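Colleague: Sharing a structure with you now.
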Amino acid sequence: MKTALITGGAQRIGAQITQTLHENGCNVIIHYRHSEQAALTLAQQLNSKRANSATTLQAELSDFDTIKILSDTIDNLDILVNNASVFYPTPVDEANQDSWNQIMTTNLMAPFFLSQSLAPTLSKKSGCIINIVDIHAQRPLKNHSIYNISKAGLAMMTKTLAKELAPDIRVCGVSPGSILWPENEAELTVEQKNKMLNKIALGKQGSAQDIANTVLFLANSPYITGQIISVDGGRTLNQ
């Protein structure tokens, strides 16, 4: 039975990835930062379906030392899903060093050093790393300069690690388009949402299940590495 670690695996897209991998026979390690109750509730639900199949793990991934400590607690792993991410506007004239550090450490530094630290464990199982990138890694979203840069770096990291870690570890990526509306300070107006929907060839938002299904496909595809699949309803056709 395979074991998967999903960062940011307690909520939103991460929670769906966790559930989908679990439904398809994986034991899951649900990483969270602040969402303790959501993580515990999800683990309890999954353990009620299959005993001792889900555990939780709290860590602040923007801290380098914590990443190393986290990695040392895991001695068996087949799949690493780098899903945890920070998203909020940073127009160029308002961007500051604090925003840069927060977004870049969580979205780019953490996936790199988590992958580095867990590579010896993953290689024992011919495992895989799946990074949740973003279509804005290639086509920037206005007023989100630092986020765009971080995801562009994650896309290059995916290809770089695919070459560096082969043949023992596969590394792939999934680039979501419009899946779930942003929350809190990144929340969109109705006008902004409609403008976005009008650019999608299929005329609708996707779902978290669409992303989870693609993660599952890549996890089960032993001859695919270095590829990033856009799951965007054709939105990039109109950008």
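Colleague: Could you say which residue among LYS159, LYS142 is charged (D, E, K, R) and either buried (at least 17 other Cβ atoms within 10 Å of the Cβ) or in a loop (DSSP other than H, G, I, E, B) (or both)?
Modeller: Just one listed residue meets the conditions, LYS142.
Colleague: Pick out the one residue from ALA95, ALA10, ALA38, ALA15 that is hydrophobic (A, V, I, L, M, F, W, C), in contact (Cβ under 8 Å) with a residue 40 or more places away in the chain and touching a Phe, Trp or Tyr at 6+ places or on another chain (Cβ under 9 Å). It would help to see each step written out before you state the result.
Modeller: Working: ALA95 fails: touching a Phe, Trp or Tyr at 6+ places or on another chain (Cβ under 9 Å); ALA38 fails: in contact (Cβ under 8 Å) with a residue 40 or more places away in the chain; ALA15 fails: touching a Phe, Trp or Tyr at 6+ places or on another chain (Cβ under 9 Å).
Just one listed residue meets the conditions, ALA10.
Colleague: Continuing with this model, one more query. Just to be sure I understand, how many residues within the stretch 9-39 are in a helix (DSSP H, G or I) and either in contact with a helix residue (DSSP H, G or I) (Cβ under 8 Å, 6 or more places away or on another chain) or over 13 Å from ALA212 (Cα atoms) (or both)?
Modeller: Result for the stretch 9-39: 14.
Colleague: Look at ALA43 and say whether it is within 15 Å of ASN82 (Cα to Cα) and out of contact with any Pro (no Cβ under 9 Å at 6 or more places or on another chain).
Modeller: no
Colleague: Here's another thing I want to ask about it. If you take the residues of the stretch 12-52 that are small (Gly, Ala, Ser) and within 20 Å of ILE129 (Cα to Cα), which of them is farthest from the chain's Cα centre (by Cα)?
Modeller: GLY25
Colleague: Continuing with the same structure: Of everything in the stretch 162-184 that's farther than 21 Å from LEU77 by Cβ and in contact with an Asp or Glu (Cβ under 9 Å, 6 or more places away or on another chain), which residue is surrounded by the fewest Cβ atoms within 10 Å (Cβ to Cβ)?
Modeller: Going through the qualifying residues, I end up with TRP181.
Colleague: Considering only the stretch 189-213, state which residues are outside any helix (DSSP H, G or I) and within 20 Å of GLY234 (Cβ to Cβ).
Modeller: ASN198, LYS199, ILE200, ALA201, LEU202, GLY203, LYS204, GLN205, GLY206, SER207, listed by residue number.
Colleague: Return yes or no: is THR158 of a type in the set (Val, Ile, Thr), out of contact with any Pro (no Cβ under 8 Å at 6 or more places or on another chain) and farther than 21 Å from ALA110 by Cβ? Lay out the reasoning, then the answer.
Modeller: Details: of a type in the set (Val, Ile, Thr): yes; out of contact with any Pro (no Cβ under 8 Å at 6 or more places or on another chain): yes; farther than 21 Å from ALA110 by Cβ: no.
No: the conditions fail for THR158.
Yes/no matrix, rows are residues, columns are (1) in contact with a strand residue (DSSP E or B) (Cβ under 6 Å, 6 or more places away or on another chain); (2) crowded, with 20+ Cβ neighbours inside 10 Å; (3) over 25 Å from THR225 (Cβ atoms):
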{"residue": "HIS22", "(1), (2), (3)": "yes, yes, no"}
{"residue": "ALA39", "(1), (2), (3)": "yes, yes, yes"}
{"residue": "PHE64", "(1), (2), (3)": "no, no, yes"}
{"residue": "ILE69", "(1), (2), (3)": "no, no, yes"}
{"residue": "ILE74", "(1), (2), (3)": "no, no, no"}
{"residue": "TYR88", "(1), (2), (3)": "no, no, yes"}
{"residue": "SER99", "(1), (2), (3)": "yes, no, yes"}
{"residue": "LEU108", "(1), (2), (3)": "no, yes, no"}
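Colleague: Report yes if some residue within the stretch 197-208 is under 24 Å from GLN116 (Cα atoms), surrounded by 12 or more Cβ atoms within 10 Å (Cβ to Cβ) and hydroxyl-bearing (Ser, Thr, Tyr); otherwise report no.
Modeller: No - not one qualifying residue is present in the stretch 197-208.
Colleague: Considering the stretch 151-181 alone, what residues qualify as being at pLDDT below 95 and within 16 Å of PRO140 (Cα to Cα)?
Modeller: Across the stretch 151-181, the qualifying residues are GLY177, SER178.
Colleague: With the requirement that a residue be in contact with a Lys or Arg (Cβ under 9 Å, 6 or more places away or on another chain) and surrounded by 12 or more Cβ atoms within 10 Å (Cβ to Cβ), what does the stretch 209-226 give you? Can you show your working first?
Modeller: In the first step, residues of the stretch 209-226 are kept if they are in contact with a Lys or Arg (Cβ under 9 Å, 6 or more places away or on another chain); the result is 218-219, 221-226.
Within the stretch 209-226, LEU218, ALA219, SER221, ILE224, THR225, GLY226 meet the criteria.
Colleague: If you take the residues of the stretch 182-210 that are β-branched (Val, Ile, Thr) and farther than 28 Å from PRO111 by Cβ, which of them is modelled with the lowest pLDDT?
Modeller: At the first step, the residues of the stretch 182-210 found to be β-branched (Val, Ile, Thr) are 189-190, 200.
Applying the additional criterion that residues be farther than 28 Å from PRO111 by Cβ yields 189-190.
Working: THR189: 78, VAL190: 81.
Applying the filter and picking the extreme gives THR189.
Colleague: Something else now. Suppose the filter is part of a helix (DSSP H, G or I), over 20 Å from MET109 (Cα atoms), β-branched (Val, Ile, Thr) and in contact (Cβ under 8 Å) with a residue 60 or more places away in the chain; does ILE179 pass it? Reasoning before the result, please.
Modeller: Details: part of a helix (DSSP H, G or I): no; over 20 Å from MET109 (Cα atoms): yes; β-branched (Val, Ile, Thr): yes; in contact (Cβ under 8 Å) with a residue 60 or more places away in the chain: yes.
The answer is no for ILE179.
The values are calculated or read from the model by the stated rules, or taken from the named source; none is laboratory data. For clarity, every value in this text was computed on a predicted model and none was experimentally measured. Note that each Cβ is placed from the backbone with ideal geometry, even for glycine, and that neighbours are counted across all protein chains shown.
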